[in-house]
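Before any comments, here is the structure.
The values are calculated or read from the model by the stated rules, or taken from the named source; none is laboratory data. In this text, all values refer to a predicted model and were calculated from it rather than measured experimentally. Using ideal geometry, Cβ is built from the backbone for each residue, glycine included, and neighbour counts are taken over all protein chains shown. Keep in mind that these areas ignore ligands, DNA and RNA; they rest on the heavy atoms of the full protein, side chains included. Shrake-Rupley method; radii C 1.70, N 1.55, O 1.52, S 1.80 Å.
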Number of protein chains: 4
Amino acid sequence: MEWGLLETPILLTSTMSVGKVSDATVKWMTRRFPGIGDEYDVIIPIVGECDDSWLNDAVGRHVRSEHVYRAIEQASGGPVAEGSVGAGTGLITCDFKAGIGTSSRRVVIFRGNGETGPSYNLGVLVQTNFGIMRSLRIAGVPVGEILAPDYANDGKRVRNAGSIICVVATDAPLLPNQITRLCKRAALGIGRVGSFAAHASGEIIIGFSTANQVPRSTSGMTHQIEVLLDDACDGLYEAVVECTEEAIVNALCMAEDMRGQADHFAPALPLDDLAEILNRHHAAQQR
Amino acid sequence: MEWGLLETPILLTSTMSVGKVSDATVKWMTRRFPGIGDEYDVIIPIVGECDDSWLNDAVGRHVRSEHVYRAIEQASGGPVAEGSVGAGTGLITCDFKAGIGTSSRRVVIFRGNGETGPSYNLGVLVQTNFGIMRSLRIAGVPVGEILAPDYANDGKRVRNAGSIICVVATDAPLLPNQITRLCKRAALGIGRVGSFAAHASGEIIIGFSTANQVPRSTSGMTHQIEVLLDDACDGLYEAVVECTEEAIVNALCMAEDMRGQADHFAPALPLDDLAEILNRHHAAQQR
Amino acid sequence: MEWGLLETPILLTSTMSVGKVSDATVKWMTRRFPGIGDEYDVIIPIVGECDDSWLNDAVGRHVRSEHVYRAIEQASGGPVAEGSVGAGTGLITCDFKAGIGTSSRRVVIFRGNGETGPSYNLGVLVQTNFGIMRSLRIAGVPVGEILAPDYANDGKRVRNAGSIICVVATDAPLLPNQITRLCKRAALGIGRVGSFAAHASGEIIIGFSTANQVPRSTSGMTHQIEVLLDDACDGLYEAVVECTEEAIVNALCMAEDMRGQADHFAPALPLDDLAEILNRHHAAQQR
Amino acid sequence: MEWGLLETPILLTSTMSVGKVSDATVKWMTRRFPGIGDEYDVIIPIVGECDDSWLNDAVGRHVRSEHVYRAIEQASGGPVAEGSVGAGTGLITCDFKAGIGTSSRRVVIFRGNGETGPSYNLGVLVQTNFGIMRSLRIAGVPVGEILAPDYANDGKRVRNAGSIICVVATDAPLLPNQITRLCKRAALGIGRVGSFAAHASGEIIIGFSTANQVPRSTSGMTHQIEVLLDDACDGLYEAVVECTEEAIVNALCMAEDMRGQADHFAPALPLDDLAEILNRHHAAQQR
């Protein structure tokens, strides 16, 4: 929001491993780009976090530098691993096992007058760890309320220190203040899944566009950039809300039962039950 | 957010009547409290607005001072008029006639450890004017999508210059930064109704607590105030999301068909159809 | 900060006349541009204010629509009236009569490597009404402390409800987030004059660039804009600090003694004494 | 600004050592308070940074965990080490060697009506690394401009990647939003020393009050706190501006010449010349 530039990979991890992950990223970046801290400015990595201390021995800070290097080096296009992977391993959402989820849209831009124009990609990746069962809504259906009687909390997990980190990416040519506006809309998608953003929950949304890149050094003083008109942004706004909702649901649907430290247990969302509930509602909608 | 104090009534009106309403409020306040601008500081009224120019001759700025005086003087406790009243007269939400809506909760405070404590009131009043039909969700059900085929837009209303103003009130003893956090949660309720916060839509949320009042003048320099612990706020957060969602739905349900300037027309939400749709879904949920 | 666009003139007035000025501006704009509220969106004027109620009968709200129309219609290039003019008529800064002041720079852009590039204009206009005498610094010299013994406050003016509004204008091609950063720097110039931003003082800074204009309607969906690189902005940042400091001093130097309502009196800054003080310091600097 | 609570020590370091320092702080805290991550929430340390890569081998990230443990364990009351110490070792301000500086005030609270009340302590500690020589003002005197001819830059140091971190501490009973207001005023003190907040410079201010402490766990749901009235805060605002200005000057005055990595050199502010310059101006002021 201050510089409007993204200079490092975005990394996600366990809350108390942020320092280690940040440090390893600096080490990796300065090896790969030797001019940093000399020819170029120093860097400050972007590291998101959720509290996974119910399932994970978070105090043990088990993430090591080599895990970070591998994450950066193996980052690639194509399908994204979802569920209990990476920083999502120990996460819980609405009392079900969750983790990493993603969703994307190809957005055709329409002006107010109905003209069609260019189309752009928008994707959301979430590290999701918020909420309580009775609030869970999937596709608007109060799934959590319906399932809750079968999942009586044993009363052990009283702390509800959740959070969700959303990363919003697009190739639409948006300015930094337009990216900020896009990110704010992601919160509406979090709301649709049933979040009321509990006190101890941190909802953090970061976004970037790959369309306009600013060179680290240049002989020019101004540059020409292409910008999407604000009037043409509504399709992206709609997409970011949908993708955020869907990415959270995907994280829930891709995770499996997990037993973690201290014999703590998080059940997966029961997909068969979910399918039946959603089918009933879909049928009701069609009649 | 800067002073943390509210010094005037909150007024809601049509966008281009803000100046007139602000001016009339100053006039009313300075007559009623002659010390203003002399013994006490000058005042700056809080006036919210939505763009009602599809149905209303907004350019005509027909709100007059006497309307403002009457609104202030007739403000009272008890049931709140909803639908096409006051600043809600010319408003449209998700292509249906809307206006003013309200909802409230009595919130029992639970600590994380399950203890019950005091209970507080929280209410939300909305001036609602946003969105498009196919996004409308009521109680999670995609009502807009189901009804849309019966309400083909004739293509005249291309501008979608919406907005929603939410006023959040509580008697819970919250600090200014806690009120700010409470207000942010109202946005999650807006999301549940289907908003994607279109470019031209302004979502503005203002909140206040009646619990701690600061005297205009005092011989003391510090004062003692009671504050609700953050850990105990989750019930209020949940309530503000629910109330915002419900207040918007109430505005839709209480409004009737309206034909306005230039023969523009906004249909009411068809309550019989709505009841049938919701009943079907409720039945699906019970099975 | 939300839309990044400026659609109306910026008007400055007395605090409790904001409503009237806003209303008159809407009236003027809708007459001049008949498509507003129909073909185009409604507008919300930008009106800044200071509390002039020590010298002015502020409660009387004596600004009328015709004053607003005249202000808009007579706005022109060339020298700017300073001191006790317009919204500056009843203002006081550091216990001396003040009002409107302005200052500008022609800024040559240098890159970090010393290359020179294009040059741009930057101007600041202030409506200044803050502070107490003993804090006043002019060109770094503690002028207020030196002059204070000659201006013992008679104890009547206990309220210190100040404020300063700064309007920053440039033709440099800056994005909205760059304008925000430019505006924040203006605060540093306010600090140099001796402000500590008292509780009741509101420091509001608004800025705009004339370089990139966005059409109200267009058949395109993206547009090409020229942007100044952040690395090249330091000259503008330095200029905005200097101009803000200088504009405040100019407002003080151009105002004359004023006796206002209730026989309240504000003395002008004694220019002869000021010149002597500054000359002594300038001589000390040269040795 | 979100929670309004401070849960860890505040640590200051070199930009690219933030990760290591954060990680070591987590390790120290979780050893000292074994309930973290189990009985209590996880923690996120607060670590400030400046770019010292001109004098320091910043890429080498030479801060180790034991340095962090020692810093936390040896923190004590009494005189504060200033100049080239700790995170200040490699810092430069206005092209002179700088580092850590501090200043404090005992503030007697006055109401607007002149009554005196309680008194409170306010202190500022800076990690200062910003600016260019010709802008340097000390006590308002353009010291940088006067000294610049004797310190011609050899042209090597073209990057000007500065920053200043200010830590504001008080025992006045201020709410979180009042602390935010206090912190904003610190910027005015930075301005008085000559900063124009260059693009690559990050001005970050963090503050806290020790007056009201919130227990990690409690059986209550509300608590009573004492709050200083806003009208009574002006003395603290004035103090924070003065302390920030003075803390920066102290950092400059306590640092000595330093030759760092790559034979880079930063000269100390010449104190004899400074004294002579200030004496001349002081004499001019007295006449």
Any chance you could count how many residues in region B:52-69 are part of a helix (DSSP H, G or I) and either closer than 24 Å to residue B:92 by Cβ or open to solvent by less than 50 Å² (accessible area, probe 1.4 Å) (or both)? 7
Given (1) touching a Lys or Arg at 6+ places or on another chain (Cβ under 9 Å); (2) open to solvent by less than 20 Å² (accessible area, probe 1.4 Å); (3) over 24 Å from residue D:52 (Cα atoms); (4) assigned to a helix (DSSP H, G or I), where does residue D:174 come up short, assuming only one miss? (4)
Exclusive hit being in the same structural domain as residue C:237 (by TED's automatic domain parsing) and out of contact with any Asp or Glu (no Cβ under 9 Å at 6 or more places or on another chain), set C:174, C:188: C:174
Any idea which residue in region C:9-28 is surrounded by the fewest Cβ atoms within 10 Å (Cβ to Cβ), counting only those that are of a type in the set (A, V, I, L, M, F, W, C) and part of a strand (DSSP E or B)? C:10
In this structure, is residue B:58 at the interface with chain C (Cβ under 8 Å from one of its Cβ atoms), out of contact with any strand residue (DSSP E or B) (no Cβ under 8 Å at 6 or more places or on another chain) and farther than 30 Å from residue D:229 by Cβ? no
Have a look at C:99, C:114, C:144 and point out the one that is at positive phi and at pLDDT 95 or above. C:99
Modelled with pLDDT under 95 and in a helix (DSSP H, G or I): which single residue out of A:262, A:275 fits that description? A:262
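Conditions tested, residue by residue: (1) open to solvent by 40 Å² or more (accessible area, probe 1.4 Å); (2) assigned by TED's automatic domain parsing to the domain that holds residue B:17; (3) more than 20 Å from the chain's Cα centre (by Cα).
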position	(1), (2), (3)
B:33	yes, yes, yes
B:40	yes, yes, yes
B:43	no, yes, yes
B:47	no, yes, no
B:50	no, yes, no
B:71	yes, yes, no
B:81	yes, no, no
B:87	no, no, no
B:102	no, no, no
So which residues in region C:247-287 are more than 20 Å from the chain's Cα centre (by Cα), of a type in the set (S, T, N, Q) and crowded, with 16+ Cβ neighbours inside 10 Å, if there are any at all? C:261, C:285
Exactly one of D:211, D:148 is more than 12 Å from chain C (Cβ to nearest Cβ) and without any contact (Cβ under 8 Å) to a residue 40 or more places away in the chain, and that one is D:148
Out of the residues in region B:191-202 that are touching a Lys or Arg at 6+ places or on another chain (Cβ under 9 Å) and outside any loop (DSSP other than H, G, I, E, B), state the one that is nearest to residue A:140 (Cα to Cα). B:192
I'd like to check something: does region C:121-138 contain any residue that is farther than 30 Å from residue D:245 by Cβ, in contact with a helix residue (DSSP H, G or I) (Cβ under 7 Å, 6 or more places away or on another chain) and within 13 Å of chain D (Cβ to nearest Cβ)? no
Does region A:68-84 contain at least one residue that is touching a helix residue (DSSP H, G or I) at 6+ places or on another chain (Cβ under 9 Å), among the aromatic types (Phe, Trp, Tyr) and free of Cβ contacts under 8 Å to residues at least 60 places away in the same chain? yes
Among C:240, C:227, which is under 25 Å from residue A:216 (Cβ atoms), open to solvent by less than 40 Å² (accessible area, probe 1.4 Å) and either in the same structural domain as residue C:113 (by TED's automatic domain parsing) or part of a strand (DSSP E or B) (or both)? C:227
For residue D:215, indicate whether it is in a loop (DSSP other than H, G, I, E, B) and either open to solvent by 50 Å² or more (accessible area, probe 1.4 Å) or of a type in the set (Val, Ile, Thr) (or both). yes
